[in-house]
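Below: one structure, written as structure tokens.
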Ligand SMILES: [Fe+2]
Ligand SMILES: [Fe+2]
């Protein structure tokens, strides 16, 4: 949030309202702003500087449709604006929400009276340290403009309406520097992305220059969230606590740093160890775009897996020492689950190592394990499945004090009547 200017000062200085359409909210994202997940960060784009505001109020008793609410009494949250990626980034923080209560909110421009759609919002909290989250990755879908993620997201929330938040493993769109892909992706998915806060890992389609049209800091410019001091040019890392779980969202974009040789930076490793060594949370869950293990090309192809091999050397020991239960990743567009892995990268007993998981592919770029996967590489995986063309995939995780139940689904996006299909499930016990 270092680039935020004060909106009230900006308004007089640089207000440039050419038409209402210049102030139409686009590219809206909802995150947990703070590490304890008590406030929401909202970010949205406009074509011009204006008077950005969030309006929010509790849903009146007996009313379930946000469009039926009289918004004249809604709380007004003044927001801030700054130069963003190909437009004006507006950000605001929604605080003071009562847990498990339904609100409606909208974002927009107070002076021009231009608003987003209205969305329900509920700050869910764990019950008996139990909660549910969804996990998508690689929703990039080229010319389909978000329709595959929409189908999968709708199916997931139909089955898991209690979802507290969503993890996204990165590569939300194919060309992260292209406004014309972000806008339809987030517009068509707004019924879900406005309602469910998301933690996103930076994907290479958000940090490889070939996808960016000269833009940088792509994730930083699309989310409103607290994170430790860091260079955000090639992605962002941050921590969130929910219930008895610590989520560490790492940034594999460190490999872009000059002279890194596909390694994670010392500063990110120091942050990771600081977080892991000081937490009192029993569940430690890491998310990182580039996998350490995968039967796909970035995990197992000898000419593509340099980062994976380096990450194993850098992270296996830390994951072992600090009892990381799960490492969630993306990038290879397949589903897999490893056996528990120890500090030396060897298979170990249930409950004694870190299990690595990839949730298939949320978008169109479906892949499978590489041809000629070596027996040694294959032996790390308890299961792995290729993705089918036209299918999207996701996972749901139900966290309890003693175990995590994980469910892997695919859905045929080419058949409008198709429902999601449970393809696999597993249960993890707490690390011993
Ligand atoms: Fe991807
Ligand atoms: Fe990727």
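Side notes on the structure shown:
- When residues in the stretch 104-147 are screened for being modelled with pLDDT of 95 or more and within 16 Å of ligand 2 (Cβ to nearest atom), 6 of them pass.
- Residues of the stretch 164-174 include at least one that is assigned to a loop (DSSP other than H, G, I, E, B), surrounded by fewer than 22 Cβ atoms within 10 Å (Cβ to Cβ) and within 16 Å of ligand 2 (Cβ to nearest atom).
One line per residue, one yes/no per condition, for (1) within 28 Å of residue 215 (Cα to Cα); (2) not in a strand (DSSP E or B):
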{"residue": "82", "(1), (2)": "yes, no"}
{"residue": "85", "(1), (2)": "yes, yes"}
{"residue": "89", "(1), (2)": "yes, no"}
{"residue": "96", "(1), (2)": "no, yes"}
{"residue": "107", "(1), (2)": "yes, no"}
{"residue": "120", "(1), (2)": "no, no"}
{"residue": "124", "(1), (2)": "no, yes"}
{"residue": "132", "(1), (2)": "no, no"}
{"residue": "135", "(1), (2)": "yes, no"}
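- For the stretch 233-243, the count of residues that are within 16 Å of ligand 1 (Cβ to nearest atom), in contact (Cβ under 8 Å) with a residue 60 or more places away in the chain, farther than 26 Å from residue 88 by Cβ and not in a loop (DSSP other than H, G, I, E, B) is zero.
- Cβ-Cβ under 6 Å pairs, at least 6 apart or on other chains, the stretch 161-178 side closer than 13 Å to residue 193 by Cβ and modelled with pLDDT of 95 or more, far side assigned to a loop (DSSP other than H, G, I, E, B) and within 16 Å of ligand 1 (Cβ to nearest atom): 172/139; 173/140
A quick yes/no check of all residues on (1) touching a strand residue (DSSP E or B) at 6+ places or on another chain (Cβ under 7 Å); (2) part of a loop (DSSP other than H, G, I, E, B); (3) closer than 16 Å to residue 194 by Cα; (4) at pLDDT 90 or above:
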| site | (1), (2), (3), (4) |
| --- | --- |
| 16 | no, yes, no, no |
| 27 | yes, no, yes, yes |
| 31 | yes, no, yes, yes |
| 34 | no, yes, no, yes |
| 44 | yes, no, yes, yes |
| 50 | yes, yes, no, yes |
| 57 | yes, no, yes, yes |
| 61 | no, yes, no, yes |
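- Residue match in the stretch 183-191 (condition: within 16 Å of ligand 1 (Cβ to nearest atom) and either under 17 Å from the mean Cα position of the chain (by Cα) or part of a loop (DSSP other than H, G, I, E, B) (or both)): yes
- The single condition among (1) assigned to a loop (DSSP other than H, G, I, E, B); (2) under 20 Å from residue 26 (Cβ atoms); (3) touching a strand residue (DSSP E or B) at 6+ places or on another chain (Cβ under 9 Å); (4) within 16 Å of ligand 2 (Cβ to nearest atom) that residue 222 does not meet is (4).
Yes or no, residue by residue, for (1) in contact with a strand residue (DSSP E or B) (Cβ under 9 Å, 6 or more places away or on another chain); (2) crowded, with 21+ Cβ neighbours inside 10 Å; (3) closer than 19 Å to residue 196 by Cα; (4) not assigned by TED's automatic domain parsing to the domain that holds residue 21:
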| residue | (1), (2), (3), (4) |
| --- | --- |
| 76 | yes, no, no, no |
| 81 | yes, yes, no, no |
| 96 | yes, no, yes, no |
| 107 | yes, yes, yes, no |
| 118 | yes, no, yes, no |
| 142 | no, no, no, yes |
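- Taking the stretch 82-105 as the range and being touching a helix residue (DSSP H, G or I) at 6+ places or on another chain (Cβ under 9 Å) and farther than 20 Å from residue 190 by Cβ as the test, only 82 passes.
The values are calculated or read from the model by the stated rules, or taken from the named source; none is laboratory data. Predicted model only: the values in this text are computed from it and were never measured. Backbone-built Cβ (ideal geometry, glycine too); neighbour counts: all protein chains shown.
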